[in-house]
Amino acid sequence: GGDLYCTMRYLWSARTNKVRARNKMFQKVSYKQMGIERWAALLKAGSPVYGLPRDFPPKERLGLIKQNALSFALVPIFVGDDWWGVLGFTDHWRERRWLMAEIEALKSVAGALGAAFSRQKIEAAERQHRALTEALRDSAAALNSTLNLDEVLDLILDVIGRVLPHDAASIMMLDEVTDTIYVARAAGYARRGLKEMVDHLRLSLDSMPSLRKMGATLKPVVVPDPNDIDGWVVFPELAWVRSYLGAPIHSRGEVIGFLNLDSATPGLFTFADADRLQVFADQAAVAIENARLYKATQQNASELASLYHASSELLNPGSDLKSLGARVAAIVTEELNQAHCAVLLLNEASRELRVIAHGGDEHFYPPKPVSLDGIGLLAVAARNGEVVYSPNVAIDPRYVRGNDVTQSELCVPLIFGGRVIGVLDVASQHLDAFDERVRRVIIAFSEQVAIAMENVNLLSRLELARETAEEANQVKGQFLANTSHELRTPLTGIIGSLSMVVDGLCDTREEEHECVHIAYNASQRLLTIINNVLDVAKIESGRMDVSMQEVDIAPILADVYALIRVQADEKQITLTVNLPAGSLPPAWADPDMLRQVLLNLVGNAIKFTHQGGVTVQARVENSKMEIAVIDTGIGIPLHQQPKLFQPFVQADGSMTRKYGGTGLGLSISRKLAEIMGGSVAMYSEGEGKGSTFTLTVLLASSVKHA
């Protein structure tokens, strides 16, 4: 790798005969920094390097000059076929010319050293292998002797200490729900005063480069010196760590934890150590999984007994369906430990499953209303009246993702009298969390839930009908109040103006003309209101005639500008139409509908703008055309925005609204846009900050190519 690692260097001085060891000059030296890449290549090839420093290139003799060497000789040391190191001699007293016989003698000595090192290496490997074999045998026997997870973790650290020397060790486990790692067991940190820090350590896996690498590759990691690693997470309390070795604990291809060894000695751990640690990590994975399985089995036995007992709580369900649902969700989640439960009832009128209660882990989200004719596990369970279990939702084509936590899900239909009345939905953050026994108990519990639900279902239906009727009456009342007000206003103008003419109260032809003009404008307003109401009826009944064709947007915008400009001039605000340079491609729309939508949007913008102006912009985005109507008007409060496109609704909403109108314009505009295959979207930062309404329609070219 270009580095010369010299852990021991002996220098014999002919005069003093003193020995110096571990010379820092040769600790972790880079070939390139010393300028001796050529020497390394020669030595690796088996050739000696020797002579006088002044005979070598300047960059190669620099290191020799620093040592005051007048002559030197280097011969390679090989262990087997591998270049292991060098045997070097320097003369600081005279420029010695080395004889070939001397070089050959040095090579013989280097060969003897290599043979000795080879024997030592083989003997050390044999000792390590014996120790590893004994440790593995002992650890297997020890780990198989218990299914207690705490005892398993303690045994793992104890066995590792016999084979791999270290100063501190830890077992970190992965929390799948929060995607964090925590220290499950540790040894060696207490004597450094770090026990509390280690016990409370919880980190994101992404913040630990070494662990993230092990998790991705499922291979161990050796760090000779953390100080030399960019991105190494440094804790002041762990500054003493000078070498690190880690191995992933994985089961069925998924990481469940990590084995970590720390040492205060730089470069202590080797790749051979990494292989040994991985063997223990693999053995630990089996033991941990077995202990977890045993623990889960014990918990399930207790939980199932509790669940049976909990059914007795449903004998007195009360009269409130939602309260009963909340009680059911609480029973299931508490007994199943960290599971999430939602109770859904079937609304037969709308053919929708609606959540009446949910409980459990806050990382789960309760299901949204589910159409009985739609997709998803809940819809399948309710539609078929059968239990639906997905042990792994990620690979289940029926599953519709509602959160990032659910790994397995059980949907049990609530059936009474052969009729599905709802679904009990239980989800878990673990794969295959509900075995056959758990499923049987939940199904039995669901039968009791269905009976209890039906006992209060009639009262619940009456309550739901009452709420629906009140809501309908409220909307009806608001519509009638708004519409009657809007109809009376133009009718009053028409009758009043024409009465002036009929009764001869106009003194001049100009006054008569003005009265007729007022009556005409009021009648146009009245016609618009009536047409809007009729349009809503046509849209709701599906009787709206549509003539889709290629449409040039520029002439339509010109018509809208001509019709609306007078309103802008009367309010002394600007009305601007900005089109991109060149011609816009034709849109695919009904020209009359498109004109009506634009008139509604631009007219609304002018109505609610007192200062500044209204700008209309058009642009092409991929296969669609976007027409934005931007105003500097009163804006829309954030809490009013979700219901703005509902029929008969304005952001104001009161009967004495300042701006008038039936509240049908935006609703009609959006529905007409949707009929044409487009949409209308709204954006406003809030009250007093203006609004932007964007009409999107398809390009004619995209429809032809479809």
| query | Roughly how big is region 545-705's charge dipole about its Cα centre, with Cβ charges of +1 (Lys, Arg) and -1 (Asp, Glu), in debye to the nearest 20? | reply | 320 debye
| request: Could you let me know the centre-to-centre spacing of region 374-426 and region 596-646, using Cα atoms, in angstrom? | output: 41 Å
| If we count other beta carbons within 10 Å of each Cβ, what is the order of HIS200, HIS363, fewest first? | HIS200, HIS363
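What's the extension gain from VAL566 to ARG192 if we count 0.36 nm per residue and subtract their Cα-Cα distance? It would help to have the intermediate numbers written out before the result.
On the way: separation 374, 0.36 × 374 = 134.64 nm, distance 8.33 nm.
Gain on extension, VAL566 to ARG192, equals 126.3 nm.
I need the calculated FRET efficiency for the pair THR178 and ALA444, taking r as the beta carbon distance and R₀ as 22 Å, to the nearest 0.05.
Numbers: r = 33 Å, r/R0 = 1.50.
The calculated FRET efficiency here is 0.10.
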| From the backbone phi of region 438-445, what are the Karplus-calculated ³J(HN,Hα) couplings (6.51 cos²θ - 1.76 cosθ + 1.60, θ = phi - 60°) in whole Hz, Gly and Pro given as x? | 5, 5, 4, 5, 5, 5, 5, 5
| Taking amide H positions as placed 1.01 Å from N in the peptide plane, with prolines and chain starts having none, which residues 5 or more places from GLY613, or on another chain, fall under 5 Å of its amide H? | THR574, THR632
| Global geometry of region 315-452, whether rounded, prolate or oblate, following the gyration tensor of its Cα atoms and the 1.5 cut on a/c | rounded
| task | Using a Förster distance of 60 angstrom, determine the FRET efficiency expected from the C-beta separation of GLU237 and ASP432, and round it to 0.05. | result | 0.90
| request: Consider a paramagnetic label point 7 Å from the Cα of LEU534 along Cα→Cβ; state which residues of region 541-581 have an amide N under 19 Å from it. | output: 541-547
| note | Simple spin-label estimate for GLU95/ASP55, 7 Å along Cα→Cβ, in nm, reads 1.0 nm
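Pull out a ≥ b ≥ c, the square roots of the eigenvalues of the alpha-carbon gyration tensor of region 664-706, then state rounded if a/c is under 1.5, prolate if not and a/b is larger than b/c, and oblate in the remaining case. Write down the numbers at each step before the final one.
Details: a/c = 5.13, a/b = 2.06, b/c = 2.50.
Note, shape of region 664-706 comes out oblate.
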| Listed peptides 240-247, 190-197, 631-638, 205-212 by packing density, highest first (mean Cβ within 10 Å) | 240-247, 631-638, 205-212, 190-197
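Highest mean first, what order results for 70-79, 84-93, 255-264, 150-159 on Cβ atoms within 10 Å?
Numbers: 70-79: 20.3, 84-93: 16.1, 255-264: 22.2, 150-159: 18.7.
Ranking, from highest mean packing down: 255-264, 70-79, 150-159, 84-93.
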| task | Could you work out how far the C-alpha centroid of region 100-127 sits from that of region 185-204, in angstrom? | result | 45 Å
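Highest first, please rank the peptides 560-568, 599-607 by the mean number of other Cβ atoms sitting within 10 Å of their residues. The partial results should precede the final answer.
Values: 560-568: 16.0, 599-607: 22.2.
Ranked from most to least packed, the peptides come out as 599-607, 560-568.
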| note | Charge dipole of region 315-452 built from unit charges on the beta carbon (Lys, Arg +1; Asp, Glu -1), centred at mean Cα; most positive-end Cα among VAL332, VAL420, HIS363 is VAL420
| remark: PRE zone check, label point 7 Å out along Cα-to-Cβ of GLU151, amide N under 20 Å, scope region 236-262, hits none
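Structure shown: which of LYS322/LYS671; LYS44/LYS121; LYS607/LYS643; LYS32/LYS121; LYS66/LYS121 lie over 27 Å apart, alpha-carbon to alpha-carbon? Walk me through the intermediate numbers first.
Working: LYS322/LYS671 35 Å; LYS44/LYS121 20 Å; LYS607/LYS643 19 Å; LYS32/LYS121 29 Å; LYS66/LYS121 34 Å.
Listed pairs above 27 Å: LYS322/LYS671; LYS32/LYS121; LYS66/LYS121.
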| field | Residue-wise HN-Hα coupling along region 676-690, computed from phi with Karplus coefficients 6.51, -1.76, 1.60 (Hz; x: Gly, Pro) | value | 7, x, x, 7, 10, 10, 10, 9, 8, 6, x, 4, x, 10, x
| remark: Most exposed first, judged by fewest Cβ atoms within 10 angstrom, CYS515, CYS506, CYS341 run CYS506, CYS515, CYS341
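FYI, it's all coordinate maths here, none of it is from the lab. Given the structure is predicted, the values throughout are model-derived calculations rather than measurements. Positions of Cβ are generated from backbone atoms using ideal geometry, with glycine treated the same way; all protein chains shown enter the neighbour counts.
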